[in-house]
1. Considering every residue within the range 125-133, establish whether at least one is closer than 20 Å to Glu200 by Cβ and modelled with pLDDT of 95 or more.
2. Would you check if Ala194 is within 19 Å of the chain's Cα centre (by Cα), buried (at least 17 other Cβ atoms within 10 Å of the Cβ) and either not in a helix (DSSP H, G or I) or not charged (D, E, K, R) (or both)?
3. Mind checking which pairs have a first residue in the range 177-188 that is touching a residue at least 12 places away in the same chain (Cβ under 8 Å) and a second that is part of a loop (DSSP other than H, G, I, E, B), Cβ under 7 Å, 6 or more apart or different chains?
4. Count, please, the residues in the range 188-224 that happen to be of a type outside the set (Gly, Ala, Ser), within 15 Å of Phe164 (Cα to Cα) and at pLDDT 95 or above.
5. As an exercise: evaluate Thr60 against (1) modelled with pLDDT of 95 or more; (2) of a type in the set (S, T, N, Q); (3) surrounded by fewer than 16 Cβ atoms within 10 Å (Cβ to Cβ) and give the number of the one condition it does not meet.
6. Count, please, the residues in the range 115-128 that happen to be under 14 Å from the mean Cα position of the chain (by Cα) and open to solvent by less than 50 Å² (accessible area, probe 1.4 Å).
7. Checking Ala102 against (1) open to solvent by 70 Å² or more (accessible area, probe 1.4 Å); (2) of a type outside the set (Asp, Glu); (3) free of Cβ contacts under 8 Å to residues at least 12 places away in the same chain, which single condition isn't satisfied?
Amino acid sequence: MDRSSSSGSDRVPDPSGIRRGLLRDAVFLKLLENVLRGVYRRGQRLRLDDIAEDMRVSRTPVREALVPLESLRLVSVQRYVGVVVAQWSVVQMVERLRVARAMIADPAAAGQGTGEPFDAQVLTTCLTEAGALVELGAWYLRRRGAIVSADWLVAQRAVLDTFFTDDVAAANGIDAVVGRRARVAQVERAVAAAEHERLEVCASELVGLAEDLIALPDRFRAAA
């Protein structure tokens, strides 16, 4: 698992032969990383033509990729102005985790829970413990019948997973390496509990993991 960044290149994969949805997703992940790393500064105006040229793609996947980025409130599309990078903050990232923790600690069940078993295979695409928190938390919420909460949490997967990669975290003054062994152990215990249908144990581990991630920006600052 490469935790250094969410992508290994400044450009998206060669668009030749790539399905439109996959190309859009690749552009989205690169845009997301650029925003969170500060490559695109807060308040900066982004031109679709410039992005498309830099990534060697057409305007269409760029325009499509901006939709989820705007829903995450990391950019805004303003009439007569264009696309502007939002004034997001580390505090807002932490707030996403606080909401996730509250949802897992006290699920607002609105219907019958699903009976789906946990498939650890979904964690193979996670870059960080934050991504694992989302996948495990969403599964737990679905089991408890909190489907809307699970859907909201899934929507946060990309931003939280990317934010806690080593390079992005460091760009925001956070040392994501410190304390990682303990967080990975929490993930492993949560997975074991999920696979054995021990829902309360799984939830307890996830709440603890969320609390450790919430504390990370204040407790472990990257060296200047």
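The values are calculated or read from the model by the stated rules, or taken from the named source; none is laboratory data. Keep in mind it's a predicted model, so treat the numbers as computed, not measured. As a convention, Cβ positions derive from the backbone with ideal geometry for all residues, glycine included, and neighbour counts pool all protein chains shown. The accessibility values were calculated without ligands, DNA or RNA, using every heavy atom of the protein model including side chains. Shrake-Rupley method; radii C 1.70, N 1.55, O 1.52, S 1.80 Å.
1. Pass one, the range 125-133, residues closer than 20 Å to Glu200 by Cβ: 132-133.
Filter again for modelled with pLDDT of 95 or more, leaving 132-133.
Yes - at least one qualifying residue is present in the range 125-133.
2. Values: within 19 Å of the chain's Cα centre (by Cα): no; buried (at least 17 other Cβ atoms within 10 Å of the Cβ): yes; either not in a helix (DSSP H, G or I) or not charged (D, E, K, R) (or both): yes.
Against the criterion (within 19 Å of the chain's Cα centre (by Cα), buried (at least 17 other Cβ atoms within 10 Å of the Cβ) and either not in a helix (DSSP H, G or I) or not charged (D, E, K, R) (or both)), Ala194 does not qualify.
3. Final answer for the pair search is Val178/Phe220; Gly179/Phe220.
4. So in the range 188-224, the residues of a type outside the set (Gly, Ala, Ser) come out as 188-189, 191, 195-202, 205-207, 209, 211-214, 216-221.
This time we only want the ones that are within 15 Å of Phe164 (Cα to Cα), so: 209, 211-214, 216-221.
Remaining after also requiring at pLDDT 95 or above: 209, 211-214.
Residues that pass the stated criteria total 5.
5. Result: Thr60 fails condition (1) only.
6. 4
7. (1)
Each row is one residue, and each column tells you yes or no for (1) assigned to a helix (DSSP H, G or I); (2) touching a residue at least 24 places away in the same chain (Cβ under 8 Å); (3) open to solvent by less than 10 Å² (accessible area, probe 1.4 Å).
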site	(1), (2), (3)
Gly113	no, yes, no
Ala130	yes, yes, yes
Glu135	yes, no, no
Tyr140	yes, yes, yes
Val159	yes, yes, yes
